[in-house]
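Here is the structure we will look at, set down as structure tokens.
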Amino acid sequence: MKSAPIALCAVALLVACGSQQVEPPPEPTPEPRPVTPPPRPEPPAPKGWQVSLAEIGWEVVPPEPPDRAFKANTLGWQKHERSDWAGSRPHFEEAVSIVSEYDLARYNLACAHSRLGDLDAALAELTHVLVRDLPRFKRAALEDQDLGNLRRSELNAELEARIDKLEKVWEQATRVGTPAVAWRERSQTMISEAQGKQGQLLRPGVWVHETKRFVPAMEIIDDAFSGFVDVERQQAIIIVATPTVDLPPLFEGARVLVTPLSPAGEAPRRAELTHDNLGTIEAAGTDGGVRIRLNTTKSAWRDLRAGGLVRSEDQSLPDRPVLRVNPDGSLLVAYHPPGWSHKGRSVHLPDGREITMQSGHSIANHHSLFFNADQTHAVMVAVRMKCTDEGPVLRHWIDRLDLQAGSAEGLANAEGAAAAQYGRDGALYLQLGAETIRYATPTATRYETLPEGVMLVPPMKLPTCQ
């Protein structure tokens, strides 16, 4: 570094003394280049409305709204029918303030907002109910005249986009969820009286355990008495019936409906059958709709199709769960497959092995055998449902079978009916009376309880005895 000044001086002397050298022409002055400013970042596009699987459906089965909320909604509707939309809106707001998840009142509030030109508020309230119950409200959202102002506005494109996203998430739920029903028995309330003493609330759908939510999967069918969900074929089987007051009770005007699972607002009925004086209805899903057996287990199986009811070409027992309904309630029955049988408290396997279960299985009169997906485990559900000299009896016994080890474990022994199902998530679901529990795996020792009203089938009551 110290030699640098000497070298510089030598160069300077050579330049000064070398008069005969020709100096090179000066470098041209470079033209200034235009300075290009750095590109400005594009303003972020507004984030579109999104919805996830964790948001749709119900955290709990909605109870009947209290009388105060019901009265407010009714007063609002009476004014709304007289085109007094400004007068109706405060009543709907009051009903929603009492019960935030009063879906019908919130939908009515959306209609009032739309009529009054408050379109942003209309879209917000309508979105709220569509997220909770798309099958119930989608058709109305697209057709109701009260929402005409909203649909004719610039917000209509946003409404349609939201519905499209909701449909995709709903379809995702039906692919991953476990078939279930939301059930609530109507009490003698003012609401029940005002609605013509309707029967119990029944909504077929799926339980998505990942999100701990029940997702209704079809429109409301008034006066539905029982039903189950066949997610494999994307359909629900609904029994609409009214039990008589005679003894023994029978069904009057019983209708069996085959209904597509659809959040898209399709027509709710694809095929139906109407009958009177029925004591028992058995129904099982098929590729063509549903197989039905009426009144006694000795009658023939018939197929209910869009064209009507015909004798089934297949009279063998169904290889999938069967809904058995009488005026006292419902059972979920699974017949033994070929090669399997039971006698007393023993299950006999096709390979000749015998598994011994709880002693109560020997006195039960309904036995159902449910298998998990890879058939390494099974559950035997036994129900005793009889009229005895001491009165009606309804009791259940449940044993979990390890088919590889050839052993049985008693899981339940109590009053009331029971049902079982292995879910799409691999878990074992048991319905014990009016409570549904979940074992995360076929061999789990701990279980958790599902929200009240989330059931496999509507529960069975004590037998009505003469």
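The values are calculated or read from the model by the stated rules, or taken from the named source; none is laboratory data. All values derive from a computational prediction rather than experimental measurement. So basically every Cβ, Gly included, is an ideal-geometry build from the backbone, and we count neighbours across all protein chains shown. The accessibility values were calculated without ligands, DNA or RNA, using every heavy atom of the protein model including side chains. Shrake-Rupley method; radii C 1.70, N 1.55, O 1.52, S 1.80 Å.
A Förster distance of 45 Å, applied to the separation of the beta-carbon atoms of Arg152 and Thr280, puts the FRET efficiency at 0.30. Peptides 203-212, 238-247 ordered by packing proxy, namely the average of other Cβ atoms within 10 Å per residue, highest first: 203-212, 238-247. Take the Cα of Cys387, step 7 Å toward its Cβ, do the same at Lys212, and the gap between the two points is 4.5 nm. Asp328 contributes about 20 Å² of solvent-accessible surface, heavy atoms of the protein only, 1.4 Å probe. If the segment from Gln375 to Arg233 were pulled out straight at 0.36 nm per residue, it would be longer than the present Cα-Cα gap by 49.0 nm.
For Asp120 and Cys465, the FRET efficiency from 1/(1 + (r/R0)^6), where r spans their Cβ atoms and R0 equals 51 Å, is about 0.30.
Counting only protein chain heavy atoms and rolling a 1.4 Å probe, the accessible areas of Glu94, Glu313, Glu252 rank, largest first, as Glu313, Glu252, Glu94. Relative to one another, the C-alpha centroids of the range 113-140 and the range 317-357 are positioned 47 Å apart. How much FRET efficiency would the formula 1/(1 + (r/R0)^6) give for Ser52 and His366, where r is the Cβ-Cβ distance and R0 is 45 Å, rounded to 0.05? Calculated transfer efficiency: 0.65.
Annotation: extensible slack from Ser299 through Lys168 equals 43.0 nm (criterion: 0.36 nm per residue apart, minus Cα-Cα distance). Take the alpha carbon gyration tensor of the range 241-353, find the square roots of its eigenvalues, order them as a ≥ b ≥ c, and report rounded if a/c is under 1.5; if not, report prolate when a/b exceeds b/c, else oblate. Verdict is oblate for the range 241-353.
Residues whose amide H comes within less than 5 Å of that of Gly227, counting only those at least five positions distant or on another chain, are Ile239 (H built at 1.01 Å from N in the peptide plane).
A full extension of the chain between Glu81 and Glu313 corresponds to an added length of 78.3 nm, given 0.36 nm per residue minus the alpha carbon distance.
Taken along the Cα-to-beta-carbon direction at a fixed 7 Å, the label points for Thr242 and Arg320 span 3.2 nm.
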